[in-house]
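**Q** Attaching a single structure in structure tokens format; questions to follow.
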Amino acid sequence: VEKMFGDYELSLELDKLGIPPDLASQLFGIDSISLPELRANLEAKRGEFIGTKEEDKYKEWLKKLSELEDKHRLENLKKYSKYLVKAQSERVKIKLEELRQIEEIESLSDVDDSTKMRMREGVREETQKKLSDLEWEEFKSSDMYIDIFNDLEHASNTALSAMITRLSKMKDSLKELDPSDLKEIVNAINKAKEALANKDPFKAIANNMK
């Protein structure tokens, strides 16, 4: 157990120096191990220590592991906050905010695992909704969308068919959108189908069957 802790702490130092795990293993004979792996290994050895004279030592290891996990979460929170400031992409910001919130949930010592799981799921659902909203807003701002819907009458059959296909896929995949946004997609599909029907009735029938 002491070796596992030693390998973990040394691997952190080597990582700061930019030395990859495989090279660290060759140079120093250490096995790279993550905190989740360290906890899993330690808990697997529980039966070897509980009820023996080594029980107090085992509890000390658990305490040390909890302190390392708390430190790791705090470092991650700082890292995510720093990246959020620098991030230019809105999509990256949304994902970083998700990671930051999950780290905060994990750090709650007075919340049971079941509640944490529900909280994490809530964060993930909210993140997916934000990503869906962003994808729809970005698509509405795209040249393809603007060019077609600003001049439906002169849009080509190919462009209208491609737009109908794209919007239909978005309607099916972006389930987390607000009802008003989903309605907007449906209205856009209907407008494109109507424009296509005025140009090519046979093509319109094929699209309506999708």
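The values are calculated or read from the model by the stated rules, or taken from the named source; none is laboratory data. Bear in mind that the values here come from a model prediction, so they are computed numbers and not experimental data. All Cβ positions, glycine included, derive from the backbone under ideal geometry; neighbour counts span all protein chains shown. For the accessible areas, the whole protein counts, side chains as well, though only heavy atoms, and no ligand, DNA or RNA atoms are used. Shrake-Rupley method; radii C 1.70, N 1.55, O 1.52, S 1.80 Å.
**Q** I'd like the Karplus ³J(HN,Hα) series for the stretch 5-12: coefficients 6.51, -1.76, 1.60, θ = phi - 60°, whole numbers in Hz, and an x wherever there's a Gly or Pro.
**A** 5, x, 5, 4, 5, 5, 5, 5
**Q** Something else about it: Simple spin-label model, 7 Å along Cα-to-Cβ: Leu35 to Arg118 in nm?
**A** The two pseudo-label positions are separated by 2.5 nm.
**Q** At a probe radius of 1.4 Å, what is the per-residue accessible area of Lys116, in Å² to the nearest 10?
**A** Near enough 20 Å² of accessible area.
**Q** Using θ = phi - 60° and the Karplus relation 6.51 cos²θ - 1.76 cosθ + 1.60, list the HN-Hα couplings for the stretch 106-113 in order, rounded to whole Hz, with x at every Gly or Pro.
**A** Rounded to whole hertz, the list is 5, 7, 6, 7, 9, 10, 6, 4.
**Q** If you don't mind, there's one more thing I want to ask. Residue by residue, what Karplus-based ³J(HN,Hα) values in Hz, rounded to whole numbers, does the stretch 93-105 have, using 6.51, -1.76 and 1.60 with θ = phi - 60° and x for Gly and Pro?
**A** Residue by residue, the stretch 93-105 yields 4, 5, 5, 5, 5, 4, 4, 5, 5, 5, 4, 5, 4 Hz.
**Q** Another question about this same structure. Considering the values (i) 20.5, 59; (ii) 16.1, 51; (iii) 26.9, 86, which represents Rg and Dmax of the Cα atoms in Å as calculated for the structure under consideration?
**A** Correct label is (iii).
**Q** Could you pull the accessible area for Asp172 with a 1.4 Å probe, rounded to 10 Å²?
**A** Accessible area, nearest 10 Å²: 90 Å².
**Q** Let me ask you something else. Be a star and scan the stretch 5-22 for residues whose amide nitrogen sits under 19 Å from the point 7 Å along the Cα-to-Cβ vector of Lys71.
**A** Once the point is set 7 Å along Cα→Cβ of Lys71, 5-19 turn out to lie under 19 Å by backbone N, inside the stretch 5-22.
**Q** Can you pull the percent of the chain's accessible area that's carbon plus sulfur, 1.4 Å probe, other chains left in place?
**A** The computed percentage sits at 52.
**Q** For Thr165 and Glu125, what does the FRET efficiency come to when R0 = 25 Å and r is the distance between their Cβ atoms, rounded to the nearest 0.05?
**A** Calculated value: 0.35.
**Q** Which listed residue (Leu177, Ala197, Leu96) has the Cα farthest towards the positive end of the charge dipole for the chain, taking +1 on Lys and Arg C-beta and -1 on Asp and Glu C-beta about the Cα centre?
**A** My answer, from the dipole projection, is Ala197.
**Q** I want to check the label-to-label distance for Glu9 and Asn187. Put each point 7 Å from Cα in the C-beta direction and report it in nm to one decimal.
**A** Here the answer is 6.3 nm between the modelled labels.
**Q** Which sequence of His154, His72 reflects their accessible areas, 1.4 Å probe, from the largest down?
**A** Putting His154, His72 in descending order of accessible area: His154, His72.
**Q** Could you size up the charge dipole of the stretch 8-153 around its Cα centre, putting +1 on the beta carbon of Lys and Arg and -1 on that of Asp and Glu, and report it in debye to the nearest 20?
**A** That gives a dipole near 620 debye.
**Q** Tell me the volume per residue, in Å³, of the convex hull enclosing the alpha carbons of the stretch 118-179.
**A** 78
**Q** I've got another one for you. Quick one: how many Å² of Val111 are accessible to a 1.4 Å probe, rounded to 10?
**A** About 40 Å², ignoring ligands and nucleic acids.
**Q** Roughly how many Å² is the accessible area per residue of the chain, as a whole number, for a 1.4 Å probe?
**A** Normalised by residue count, the accessible surface of the chain is 65 Å².
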